[in-house]
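A.B. asks: Quick one: structure below, then a few questions.
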Amino acid sequence: MRKYRLIFSLAFQNEFIYRLNFVLWRFRNVLRVLLAFFLWSVVFTGRDTAFGYTRPQMLGYVLFVLVIQTLVMSAPSNDNVGGEIANGDLSNYLLKPVSYLKFWFTRDLASKLLNILFSVGEIVLLWLLLRPEIYLSFHPVSLLLGLLLWISGVLIYFFLTKIAVFAAFWTPENTWGFMFVILVFMEVLSGAIFPLDVLPGWVQSALQFTPFPYLIYYPIGIFVDRFSHAHALRLLAQSLIWLGISIWLSLRVWRAGLKNYSATGR
Amino acid sequence: MPVIQVQNLKKYYKVHQKEPGLSGSIRSLFSRKYYDAKAVDGVSFDIGEGELVGFIGPNGAGKTTTLKVLSGLLYPTSGTVSVLGFTPWDRKPEFQKQFSLVMGQKNQLWWDLPAMESFILNKEIYEVPDAQFKQTLDELVELLEVKDFLKVQVRKLSLGQRMKMELIAALIHSPRILFLDEPTIGLDVVMQKKMRDFIKEYNQRFNSTIILTSHYMDDVKELCERVIIIDKGRLLFDGALAEIIKKFANHKLLTAVFSEEVNREDLEKIGQVKEFDYPRAVISVKRTVASQAAAQLLQNFPVADLNIEEPQIEDIIREVFTGKDLA
């Protein structure tokens, strides 16, 4: 355990080295929220509801995404693991008594912590600036279920995206393009751009059978009491099933990949 | 009891062939031709504790692949390998704590942080006790003279300094077995020498088993009593460095200095004239007839000085690799 604590601390220090990079990255996130904010303001001109959302509900959702998505989708592993497999740097880890997946999850956690600290500050700033009405459940059961679903979402995201980057074991040349497509799909289908219930009914029904809504849309839904507690509990159970599937699948792909790994770069 | 046992090791890679050009790229999207690249093709050897063995061979001979199998990075196609009683590719932590692989062209240090941070991380990863860590680190830092650079960002170090730091990072858990893949590559001659001295010292002081690959014959000549030569995935030679000469050099070199002008054609009758630059000539003759040839030379030519020499190891090895007749 101590080794991962140290990795966490080193990763945290490492994030600080590219300060400007980090600040710009956060700026991009704020800009995106502002963009969504003004977009929805236009949609709501002259009407009280759209897609079954009131103006404050929708703006609340948009602000929520900033925090939830930061924790779920801040993952430097996605930018690095594929490259490390392709250029052979993975060897450094395989030689040592350290788990590569735990190593990168730890580094992701460090990045998540740093990002979440900033995103909370940004939320306060944006809230002061825009003064939207935000609804947040204060029911302890909702908060607990929402939190559990959130954590499960963080883990599902980690393992699902790892399955995609492990493609580098077989096609080291085109990891990044593949990853990029997947990330864009994930962002839309998870509800990071807009709440999923603005989509046509049949799309929503189809999405129910994918892991994506469990990343962002459902956790927020629980925090803002859009689901009954019974429904939330069922969502949590389903989320855990998806977590199990994605862990199992990613470990299988990982092991198969290692057999194919040729430790190149030399 | 050998610490490393390798029996009939084979490692084949599936390699896909692409026709040149864009049309070749497009065609390779639909149908790909594969062939087996035989990186290692039936190699066997044993290595005992404390040995310092040199692995030599041309580029692509299979040296690095063998080291990668021995350190558990690659699964072999067939054959058995035992290192310290472990099967390397099981990657058991108890095994990983006892060896290290250093690749001259790869780095494991965190690029943006001082090397010291990586050392501390390795201490935790290998679970090295505090006291042992401090002692090992002090020793290595002193041996390699890098005290002043421990707190400098790795990216700001020179290649030589960085290579030393890489070594420290690889040795901080006092491995019993050390695989060094081209440890002196890219270093200047002074630095190469220092690296060699260090490796020798390390081997003697800690009785660690070391396998070293290098393109520089000097590395091998100075460090290794035993060498293993592989080429095209096959073992060509395994034994003492001096034995190479006996085994492969079936010729000797006669170097003569003449007092009067001689004819090159006449010299060709004695043996193969390798160099001729009056007054000096080098003639290669079969080992078995070397003394007769020398006598002939002395009798029939105006010889001022004569030397009978073994050929240079570099020359022998080069000839072994190029598959030339060695006479």
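The values are calculated or read from the model by the stated rules, or taken from the named source; none is laboratory data. The structure displayed is predicted, hence computed values, not measured ones. So basically every Cβ, Gly included, is an ideal-geometry build from the backbone, and we count neighbours across all protein chains shown. Surface areas here come from the heavy atoms of the whole protein model, side chains and all, with no ligands, DNA or RNA. Shrake-Rupley method; radii C 1.70, N 1.55, O 1.52, S 1.80 Å.
A.B. asks: From largest to smallest, what semi-axes in whole angstrom does segment B:250-309 give when each is the square root of 5 times an eigenvalue of its alpha carbon gyration tensor? Before the final figure, lay out the partial values.
C.D. replies: On the way: eigenvalues 54, 25, 21 Å².
After diagonalising the Cα gyration tensor, the semi-axes are 16, 11, 10 Å.
A.B. asks: If you don't mind, another one. Under a Cβ-only charge scheme (Lys and Arg +1, Asp and Glu -1), can you give me the dipole magnitude of segment B:2-245 about the Cα centre, in debye to the nearest 20?
C.D. replies: On the way: 32 positive and 31 negative charges, 226 e Å.
In total the dipole reaches around 1080 debye.
A.B. asks: Taking Cα pairs under 8 Å and at least six residues apart, what relative contact order does segment A:2-260 come out at, in percent? Walk me through the intermediate numbers first.
C.D. replies: Details: 256 pairs, mean separation 66.1, N = 259.
The value is 26 percent.
A.B. asks: Tell me, which residues of segment B:70-117 get at least 30 Å² less accessible area when the other protein chains come in, versus the chain alone (1.4 Å probe)?
C.D. replies: The answer is B:73, B:74, B:75, B:91, B:96, B:105, B:106, B:108, B:110, B:112, B:113, B:117.
A.B. asks: Relative contact order for segment B:250-309: what percent, with Cα pairs under 8 Å and sequence separation of 6 or more? Write out the running numbers ahead of the final one.
C.D. replies: On the way: 106 pairs, mean separation 30.1, N = 60.
After rounding, I find 50 percent.
A.B. asks: Show me the chymotrypsin sites (Phe, Trp or Tyr not before Pro) within segment A:34-109 that DSSP assigns to loop and that have at most 15 other Cβ atoms within 10 Å of their Cβ.
C.D. replies: Numbers: sites: A:37, A:38, A:40, A:44, A:51, A:53, A:61, A:64, A:93, A:100, A:103, A:104, A:105; in loops: A:44, A:51.
Qualifying residues, ordered by number: A:51.
A.B. asks: Among the GluC sites (Glu not before Pro) within segment B:106-214, which fall in a DSSP loop and have no more than 16 other Cβ atoms within 10 Å of their own Cβ?
C.D. replies: Working: sites: B:117, B:124, B:127, B:139, B:142, B:145, B:166, B:201; in loops: B:127, B:145.
Qualifying residues, ordered by number: B:127, B:145.
A.B. asks: How are the Cα pair distances of segment B:1-73 distributed, in percent, across 10 Å bins from 0?
C.D. replies: Calculated over all Cα pairs of segment B:1-73, the distribution is 16, 37, 22, 16, 8, 2 percent.
A.B. asks: Over the C-alpha atoms of segment B:229-277, what are the Rg and the largest Cα-to-Cα span, Dmax, in Å?
C.D. replies: Here Rg and the maximum Cα pair distance are 16.8, 50 Å.
A.B. asks: Compute the acute angle (0 to 90°) between the alpha-carbon long axis of helix B:189-206 and the principal axis of greatest extent of the alpha-carbon atoms of chain B; round to the nearest 10°.
C.D. replies: For helix B:189-206, the angle is close to 70 degrees.
A.B. asks: So what does residue B:15 come to for accessible area, using a 1.4 Å probe and Å² rounded to 10?
C.D. replies: Per-residue accessible area (residue B:15): approximately 50 Å².
A.B. asks: Count the net charge of all other residues whose Cβ sits under 12 Å from the Cβ of residue B:66, scoring Lys and Arg as +1 and Asp and Glu as -1. The partial results should precede the final answer.
C.D. replies: Numbers: positive: B:10, B:11, B:63, B:68, B:234; negative: B:41, B:181.
Here the count lands on +3.
A.B. asks: Just the number, please: buried accessible area between B and A, total of both chains, 1.4 angstrom probe, nearest 100 square angstrom. Write down the numbers at each step before the final one.
C.D. replies: Numbers: alone 17200 and 14330 Å², together 28610 Å².
That pair hides around 2900 Å² of surface in total.
A.B. asks: Right, something else. What's the local net charge at residue B:162, with K and R +1, D and E -1, over the other residues with C-beta under 13 Å away? Mind showing how you got there, number by number?
C.D. replies: Values: positive: B:106, B:155, B:156, B:164; negative: B:166.
Neighbour charge sum, excluding residue B:162 itself: +3.
A.B. asks: Also, quick follow-up: Between segment A:188-219 and segment B:45-97, what's the alpha-carbon centroid distance in Å?
C.D. replies: So the two Cα centres are separated by 50 Å.
A.B. asks: I want to check the label-to-label distance for residue B:274 and residue A:47. Put each point 7 Å from Cα in the C-beta direction and report it in nm to one decimal.
C.D. replies: Here the modelled spin labels are 9.2 nm apart.
A.B. asks: Just need the relative contact order of chain B here, percent rounded to a whole number, with Cα pairs under 8 Å and 6+ apart. Present the calculation step by step, with values, prior to reporting the outcome.
C.D. replies: Working: 581 pairs, mean separation 60.5, N = 327.
19 percent.
A.B. asks: Each residue of segment B:254-267 in order: what ³J(HN,Hα) in whole Hz does its phi give by Karplus 6.51 cos²θ - 1.76 cosθ + 1.60, θ = phi - 60°, with x for Gly and Pro?
C.D. replies: The phi angles translate into 9, 10, 10, 10, 9, 8, 10, 3, 10, 9, 4, 4, 5, 5 Hz.
A.B. asks: Apply the a/c threshold of 1.5 to the C-alpha gyration tensor of chain B and tell me whether it is rounded, prolate or oblate. It would help to have the intermediate numbers written out before the result.
C.D. replies: On the way: a/c = 2.16, a/b = 1.61, b/c = 1.34.
It comes out prolate by the Cα gyration axes.
A.B. asks: If you don't mind, another one. Report, in deg cm²/dmol and to the nearest 500, the calculated mean residue ellipticity at 222 nm for chain B, where each DSSP H run with n ≥ 4 adds -39500 (n - 2.57) and the sum is divided by the residue count.
C.D. replies: Numbers: 12 runs with 120 residues, N = 327.
Dividing the helical sum by the residues of chain B leaves -11000 deg cm²/dmol.
A.B. asks: Moving to a separate point now. Given the rule -39500 (n - 2.57) for each run of at least 4 DSSP H residues, summed and divided by the residues of chain A, what is its mean residue ellipticity at 222 nm, to the nearest 500 deg cm²/dmol?
C.D. replies: Working: 11 runs with 197 residues, N = 266.
Rounded to the nearest 500, it is -25000 deg cm²/dmol.
A.B. asks: At 7 Å along Cα-to-Cβ for each site, give me the label-to-label distance between residue A:19 and residue B:14 in nm.
C.D. replies: So the two model labels end up 5.1 nm from each other.
A.B. asks: For residue B:19, what is the net charge nearby, where nearby means another residue's Cβ is under 14 Å from its Cβ and Lys, Arg count +1, Asp, Glu -1? Present the calculation step by step, with values, prior to reporting the outcome.
C.D. replies: On the way: positive: B:18, B:27, B:32, B:33; negative: none.
Its environment carries a net charge of +4.
A.B. asks: Right, another one. Restricting attention to segment B:50-129, which chymotrypsin sites (Phe, Trp or Tyr not before Pro) occupy a DSSP loop and are surrounded by at most 15 other Cβ atoms within 10 Å? It would help to have the intermediate numbers written out before the result.
C.D. replies: Working: sites: B:55, B:86, B:89, B:95, B:99, B:110, B:111, B:119, B:126; in loops: B:110, B:111, B:126.
In loop regions of segment B:50-129 (DSSP not H, G, I, E or B), the sparsely surrounded chymotrypsin sites (Phe, Trp or Tyr not before Pro) are B:111.
A.B. asks: Quick one: length gained pulling residue B:264 to residue B:130 fully straight, 0.36 nm per residue minus the C-alpha distance? Numbers along the way, then the final one.
C.D. replies: Working: separation 134, 0.36 × 134 = 48.24 nm, distance 7.16 nm.
Going from the current span to full extension adds 41.1 nm.
A.B. asks: Compute and list, largest first, the equivalent-ellipsoid semi-axes of segment B:187-278 from the alpha carbon gyration tensor, each √(5λ) rounded to a whole angstrom. Display every interim value, and only then the final one.
C.D. replies: On the way: eigenvalues 292, 68, 27 Å².
Gyration-tensor ellipsoid for segment B:187-278: 38, 18, 12 Å.
A.B. asks: Right, here's the next one. What translational D, rounded to a whole number of µm²/s, comes out for chain A from Stokes-Einstein when the hydrodynamic radius is the Kirkwood one over Cα pairs, at 20 °C and 1.002 mPa s?
C.D. replies: On the way: Rh = 19.8 Å.
Estimated via Stokes-Einstein, D reaches 108 µm²/s.
A.B. asks: Considering only protein heavy atoms, what per residue accessible area in square angstrom results for the protein assembly as shown with a 1.4 angstrom probe? Intermediate results must be reported in sequence, preceding the final value.
C.D. replies: Values: 28610 Å² over 593 residues.
Here the per-residue accessible area is 48 Å².
A.B. asks: Which helices pass in chain A if a helix is a full DSSP H run, must span at least 27 angstrom along its long axis by Cα, and must have mean Kyte-Doolittle hydropathy not below 1.6?
C.D. replies: Values: long enough: A:19-43 (36 Å, 1.17); A:100-130 (43 Å, 1.19); A:140-165 (37 Å, 2.04); A:229-260 (46 Å, 0.58).
The qualifying helices are A:140-165.
A.B. asks: Then there's this: Hey, got the average number of other protein chain Cβ atoms within 10 angstrom for residues in A:93-104?
C.D. replies: Working: counts 2, 9, 15, 12, 11, 7, 1, 0, 0, 0, 1, 0.
So the per-residue partner count for this stretch is 5.
A.B. asks: Right, next: Taking a ≥ b ≥ c as the square roots of the Cα gyration tensor eigenvalues, with a/c under 1.5 meaning rounded and otherwise prolate when a/b beats b/c, else oblate, which class fits segment A:174-248?
C.D. replies: Details: a/c = 2.15, a/b = 1.42, b/c = 1.52.
Oblate.
A.B. asks: Further question on the same structure: Which of A:106, A:45, A:175 moves most in a GNM of chain A, Cα contacts under 10 Å?
C.D. replies: So, out of A:106, A:45, A:175, the one fluctuating most is A:45.
A.B. asks: Could you size up the charge dipole of the protein assembly as shown around its Cα centre, putting +1 on the beta carbon of Lys and Arg and -1 on that of Asp and Glu, and report it in debye to the nearest 20?
C.D. replies: Computed about the Cα centre, the dipole is about 2060 debye.
A.B. asks: At 25 °C and 0.890 mPa s, what whole-number value in µm²/s does Stokes-Einstein give for the translational diffusion of the protein assembly as shown, with Rh from the Kirkwood sum over Cα pairs? Don't skip to the end; give the middle numbers.
C.D. replies: Details: Rh = 28.8 Å.
Reported coefficient: 85 µm²/s.
A.B. asks: Which log10 I(q)/I(0) values does segment B:67-190 give at q = 0.18, 0.21 Å⁻¹ under the Debye formula, counting every alpha carbon as one identical point scatterer?
C.D. replies: Debye intensities relative to I(0), on a log10 scale: -0.99, -1.24.
A.B. asks: Segment A:1-25: which residues show an accessible-area loss of 20 Å² or more, assembly versus chain alone, 1.4 Å probe?
C.D. replies: Listed by number, the residues meeting the 20 Å² cut-off are A:2, A:3, A:6, A:7, A:10, A:13, A:14, A:17, A:18.
A.B. asks: Right, next: If I ignore ligands, DNA and RNA and count only protein heavy atoms, how much of residue B:11 is accessible to a 1.4 Å probe, in Å² to the nearest 10?
C.D. replies: 20 Å²
A.B. asks: Under a GNM of chain A (C-alpha, springs under 10 Å), which listed residue has the highest mean-square fluctuation: A:146, A:201, A:60?
C.D. replies: A:201
A.B. asks: Enter the accessible area of residue B:215 (Å², nearest 10), with the probe set to 1.4 Å and all protein chains included.
C.D. replies: The accessible area comes out at roughly 90 Å².
A.B. asks: Let me ask something else about it. Between B:42, B:54, B:271, where does the largest GNM mean-square fluctuation fall for chain B, given springs only between Cα atoms within less than 10 Å?
C.D. replies: Comparing B:42, B:54, B:271 in a Gaussian network model of chain B, the most mobile one is B:271.
A.B. asks: A further question on this structure: Leaving out ligands, DNA and RNA, and with a 1.4 Å probe, what % of the accessible surface on segment B:158-309 is carbon or sulfur?
C.D. replies: Working: 3400 of 7110 Å².
Looking at segment B:158-309 in its full context, I get 48 percent from C and S.
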